[in-house]
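Step one of this worksheet: look at the structure below.
The values are calculated or read from the model by the stated rules, or taken from the named source; none is laboratory data. All values reported here derive from a predicted model rather than from experimental measurement. A quick note on method: Cβ atoms are made from the backbone with ideal geometry, for glycine too, and the neighbour counts reach across all protein chains shown. Calculation scope for accessible area: heavy atoms of the full protein, side chains included, ligands and nucleic acids excluded. Shrake-Rupley method; radii C 1.70, N 1.55, O 1.52, S 1.80 Å.
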Amino acid sequence: MKLRVKVLVSMTAVVVFMGLFQSLFLQSRVETMFESYLSESDQMKVDMLKRAVTSYYSAAGSLEGVGQTLEMSNRMNMGSVMGYTGTIEMIILDSSGEIVANTTDNMNKNNRVSIEEPLEVNGETVGTFIAYPEKSASVSRLEQQFVQSVNLTILFGFLFAGVITLLIGFFLSNKITRPLSQLVSGIEHVSKGNTKFRVTIDSKDEFKHLGEAFNQMTDTLERTERIRKSLVADVAHELRTPLSIIRAKLESIQAGAVEATEEVILHVSDEVYRLSRLVNDLQQLSLAESRTLPLHKERTEMNRFIESILAQFRWFAEEKRIALHLNRSATAIFPEIDRDRITQVVVNLLGNAIRYTPENGIVTIDVCKEGQSVVLCFQDTGPGIDEQNLPFIFERFYRVDESRKRDKGGVGLGLSIAKGFVEVHGGNINVTSRKGKGTQFKVTLPLSG
Ligand code: ADP
């Protein structure tokens, strides 16, 4: 059964159930109230008859002959006084239990409702009054008509509510199921490989969030798909250049066109080194991303550790007239790290900072402790990174400047490797950048484990 039909059926079922319940409840309530009105009216009549009997007793000194007086009063006066709710048949007993008056004639007393009360004169019981109230035909008819008209009103109200519920249910079920249908169609598109499909949900409820989450998911899927497709092409592309240089050089030597001098061999070995570094980087990255990279953690003093790496970059910075500053933390910090992997992270970040910062710039490294973490900040005064490129710079082979020459930078794996290595340590890496002002990479590593 479709969700829309389900919503409609459940709403209608609730209304039907409530209508039935209400109708039964109201009907029994009306009957009870009507009965209680009648019995109150009977009680008043009985009280008046009792008063007449006791007055008779006070006047006559006994109950002898009270029957005729009462029968007349009950049939002629009392009925009209009480508004024709019916007659009251009665039996009057004297103090010794003898019947002194009986108007019940042939009626079956056993199945009748009776009111039995003592007759008291000046605090003394002079007899018993037993009354059998009987509804008149007109009252019974009135009661029946009243209950019928209440039932009819309930039925009409119920039908009206049913129609309104169906209309509202139709509108609501449509409103509820429309975004779902859009999402289902979106999922079908994505499952068929169309990751470009996006949904537009107008409502302002949870479905809107669901739609946004779906669109975010398809954004990620589309990007991952793009990266996956370009990965093989990128790897092939990055391998092709050094391979073709090596091949060309070797063929020239073989043909005798070029002599195998030390310089030529150095050039070839440079390319071989570049190739093996690329393969090694890819292997490290895939291990880090699959969280299977083995770590050999050691307790390391962070300030001294960074200083020793920095020392190796001094000549590179001086060559570009870049000032290299280290702001050590006030106290020594001892995180447990795999020194080789974190060295690689620092080398990649520091290398980029110096590489992308123009001459006379400044590169600053801050080491500090934040809670149970050690934080390393790499700040440069380089060109900064565009806002639209910033979210992608940690992706494999992503280069802001695609047309950049190979010798001016890496292949776009440096930041992916840094991120992978930091994350296997349980840390994280963030970037903030302002175009034309500089870039800051912030690495957070837990102190232990
Ligand atoms: P690459 O090895 O090509 O430098 P990375 O993964 O290290 O690749 O960096 C990805 C991209 O991020 C680079 O192409 C570069 O454009 C940009 N980038 C990285 N660090 C900086 C920085 N400090 N300043 C400006 N751009 C940077």
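Worth pointing out:
- Additional length obtainable on full extension of the chain from Asn430 to Ala311, 0.36 nm per residue less Cα span: 40.4 nm
- Once the 1.4 Å probe is applied to the protein heavy atoms, the range 279-318 comes out at 61 Å² accessible per residue.
- If the chain linking Ser286 and Arg228 were pulled fully straight, counting 0.36 nm for each residue of separation and taking away their Cα-Cα distance, it would gain 19.6 nm.
- Taking every alpha-carbon pair under 8 Å whose residues sit at least 6 apart, the chain reaches a relative contact order of 10 percent.
- Charged neighbours of His267, selected by a Cβ distance under 12 Å, balance to -2 (K, R count +1; D, E count -1).
- Taking every protein chain into account, the accessible area of the range 331-376 amounts to 42 square angstrom per residue (probe 1.4 Å).
- Counting only Cβ charges, +1 for Lys and Arg and -1 for Asp and Glu, the dipole size of the chain around its Cα centre is about 2680 debye.
- Stokes-Einstein D for the chain, Kirkwood Rh over Cα pairs, 25 °C, 0.890 mPa s (µm²/s): 75 µm²/s
- Each label point was placed 7 Å from the Cα along the Cα-to-Cβ direction; for Glu336 and Ser95 their separation is 10.8 nm.
- Over all other residues within a Cβ to Cβ distance under 14 Å of Arg339, the charged ones net out to -2, with Lys and Arg as +1 and Asp and Glu as -1.
- Nonpolar atom fraction for the chain, defined as the carbon and sulfur part of the 1.4 Å probe accessible area, stands at 56 percent.
- Put a dot 7 Å past the Cα of Glu120, heading toward its Cβ, do the same for Thr220, and the two dots end up 8.8 nm apart.
- Glu423 sits among other residues whose Cβ lies under 12 Å from its own Cβ, and their net charge, with Lys and Arg +1 and Asp and Glu -1, is +2.
- A Förster radius of 30 Å, combined with the Cβ-Cβ distance separating Gln22 from Ser185, puts the computed FRET efficiency at roughly 0.10.
- Over 22 Å (Cα to Cα) - which of Lys2/Lys196; Lys297/Lys369; Lys419/Lys442; Lys175/Lys208 fall in this group: Lys2/Lys196
- Taking all protein chains together, Lys435, Lys45, Lys419 sort by accessible area into Lys435, Lys419, Lys45, largest first [probe 1.4 Å].
- Sites Lys175 and Leu447 - FRET efficiency at Förster radius 51 Å, r taken between beta-carbons, to 0.05: 0.45
- 1.4 Å probe accessible area per residue over the range 170-251, in Å²: 69 Å²
- Ranking Leu180, Val190, Ser149 by Cα position along the charge dipole of the chain, where only Lys, Arg, Asp and Glu carry charges on their C-beta atoms, puts Val190 farthest toward the positive end.
- Restricting attention to the chain, close to 90% of DSSP beta bridges with both partner residues there are antiparallel.
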